[in-house]
Amino acid sequence: MLYTKAEFPRIELEDLLAAGAFSAVVPQQLGGLGLGTEPSGALGAFELLRPVGRGNLAVGRIFEGHVNALRLISFYGHEELLRRAADDTRAGHLFSIWNTEHPPEAVCIVETPAGLVLHGSKFFCSGAGYATRGLITAATEADARQMLVIALEPGERAASIESMTQGMRATATGRINFDGLLIESGVFIGAADDYLREPAFSGGAWPPAR
């Protein structure tokens, strides 16, 4: 079944899930193939992403975000968080990376009597309203960028999912508001500013797996 350019590619992503592509990114020690998350899986990740992007750039953009999120979790996340991410992936959750701040204020971590909460929005969020696991960066009191994984229900907090990118409307790229979202325990990834640490970042380019 074909879809119009403005429709989110649900069917194509369901096909990738059924084919095992989502969980192929999971490290081998947790039952995956390590594609993109282990040195031995670098070529396999390339061979997987290339035909996906060639067939449909919108699907490629969304799936690459899933791969990249699992990659960062495998690099910097603690064992329990990585295991949880692997279980979520096998259960069909779509991961994405949302790091672009929504002006005028960045997403930050705020301490409240109820616990740590998020404040602010992210812009250019691919899969807004569809991805149910998001790897985001948030500013700390020390003005550093801390990575963490948040869980969302479909459609939750997607304040706007109109296209923000020409020619990529099917990616449902929009804005997500994180105001008041309580941060669960164990969701922080690595140390502050690990997101910008080379060679895993390298100016945003796709580097080879370490």
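Here 175, 197 are placed in order of increasing Cβ neighbour count within 10 Å, fewest first, which gives 197, 175. A Cβ-based charge dipole, computed about the Cα centre of the stretch 10-204 with Lys and Arg at +1 and Asp and Glu at -1, lands at about 560 debye.
Remark: the stretch 55-117 carries a charge dipole of roughly 300 debye about the Cα centre, counting +1 on each Lys and Arg Cβ and -1 on each Asp and Glu Cβ. Each of residue 159 and residue 43 was given a label point 7 Å from its Cα along the Cα-to-Cβ line. The distance between the two points is 4.7 nm. The stretch between residue 117 and residue 83 holds 9.9 nm of extra length on full extension. This uses 0.36 nm per residue minus the Cα-Cα distance. The stretch between residue 105 and residue 124 holds 5.4 nm of extra length on full extension. This uses 0.36 nm per residue minus the Cα-Cα distance. Quote the relative contact order of the chain in percent (integer), defining contacts as alpha-carbon pairs under 8 Å separated by 6+ residues. About 20 percent, as a whole number. In the chain, helices alone account for a calculated mean residue ellipticity at 222 nm of -8500 deg cm²/dmol, with every DSSP H run of four or more residues adding -39,500 (n - 2.57).
Taking other C-beta atoms within 10 angstrom as a stand-in for reagent exposure, 150, 183, 73 fall in the order 183, 150, 73, fewest first.
If only the Cβ of Lys and Arg carry +1 and only the Cβ of Asp and Glu carry -1, the dipole of the stretch 78-180 around its Cα centre is close to 400 debye. For the pair residue 28 and residue 191 in one chain, pulling the backbone fully straight at 0.36 nm per residue adds 56.3 nm over the alpha carbon distance. Rounded to the nearest whole angstrom, the semi-axes of the ellipsoid equivalent to the chain, taken from the Cα gyration tensor as √(5λ), stand at 25, 21, 15, largest first. Ordered by the number of other Cβ atoms lying within 10 Å of each residue's own Cβ, fewest first, 37, 89, 132 fall into the sequence 132, 89, 37.
Any read-out appearing in this document is the output of simple, stated calculations on the displayed coordinates, not a laboratory observation. Not measured: the values here are computed from a predicted model. Every residue, glycine among them, receives a Cβ derived from its backbone with ideal geometry; neighbour counts consider all protein chains shown.
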